[in-house]
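Engineer: This structure is in structure tokens; I'll ask about it shortly.
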Ligand code: NI
């Protein structure tokens with residue numbers, strides 16, 4: 001299960017809509033190897049999600065997993081989702097920080113639906129139908145977007161929140177230092193800065 005190279009913004013695979021996995025193809029060894037490799041690649045890159053176009057494969061397939069971060073946080077178990085359809089559940093859009101393994105070192109605030117119904121297939125071809133909420137809903141929407149040639153930058157509504165990781169950590173989250181975040185708060189955009197990291201954890205390591 002070798003890790004595969006992750007393509008970066010500018011690679012056409014990230015801007016080409018992925019094709020559905022053909023019925024029956026899930027049983028092929030190359031598809032199962034692809035899924036194993038994607039899991040390995042995601043873990044090696046310390047990501048919480050990875051879509052097939054990010055390893056240069058134009059198939060509608062993504063994996064995700066978020067490790068336990070605190071005792072009260074059960075984490076998000078490993079999922080592989082094939083040919084997904086998402087249905088947003090009701091609720092106001094929620095802003096939180098995102099990064100992307102294909103857009104290294106940048107963070108930005110992205111609005112997402114707070115919960116989505118996920119339908120598709122698991123890696124054995126069994127139907128999936130569940131509701132993802134909170135951070136899991138954010139991951140699923142980010143990865144789903146990759147299957148449709150959309151990256152998180154396309155979803156941002158204010159590029160003033162786009163920042164390199166070091167500057168983001170220093171000035172934009174939990175810093176306690178006077179800086180651009182304070183200036184922006186004076187402009188009435190403070191609601192954008194109260195999110196912290198995903199689910200309030202501002203460690204900033206989550207990239208999708
Ligand atoms: Ni991504």
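Values in this text are rule-based calculations from the coordinates and carry no lab data. Fair warning: this is a prediction, and the values are worked out from it, not measured in the lab. Neighbour counts run over all protein chains shown; Cβ positions are idealised from the backbone, glycine included.
Engineer: Over what distance in Å are the Cα centres of region 2-29 and region 49-106 separated?
Structural biologist: Cα centroid of region 2-29 versus Cα centroid of region 49-106: 15 Å apart.
Engineer: Let me ask something additional. Return 102, 90 ranked ascending by Cβ neighbour count within 10 Å, so the fewest neighbours appear first.
Structural biologist: By the 10 Å Cβ count, ascending: 90, 102.
Engineer: In addition: Would you please classify the overall shape of region 76-167 from the alpha carbon gyration tensor, given that a ≥ b ≥ c denote the square roots of the eigenvalues, rounded means a/c under 1.5, and beyond that prolate means a/b larger than b/c while oblate covers the rest?
Structural biologist: Cα axes put region 76-167 in the prolate bin.
Engineer: While we're here: At 0.36 nm per residue, and after removing the present C-alpha to C-alpha distance, how many nm does the segment from residue 44 to residue 25 gain when stretched out fully?
Structural biologist: Here the answer is 4.2 nm.
Engineer: Ranking 130, 95 by Cβ neighbours within 10 Å, fewest first, what do you get?
Structural biologist: Going from sparsest to densest Cβ surroundings: 130, 95.
Engineer: For residue 170 and residue 87 in the same chain, what is the full-extension length gain: residue separation times 0.36 nm, less their Cα-Cα distance, in nm?
Structural biologist: So the chain would gain 26.3 nm between residue 170 and residue 87.
Engineer: How far apart, in nanometres, would the label points at residue 129 and residue 154 be if each is projected 7 angstrom from Cα along the Cα-to-Cβ direction?
Structural biologist: Label-label distance for residue 129 and residue 154, simple model: 2.9 nm.
Engineer: While we're here: Of 135, 152, 62, 159, how do they rank once you tally other Cβ atoms within 10 Å and put the fewest first?
Structural biologist: Placing the least packed residue first, the sequence is 159, 135, 152, 62.
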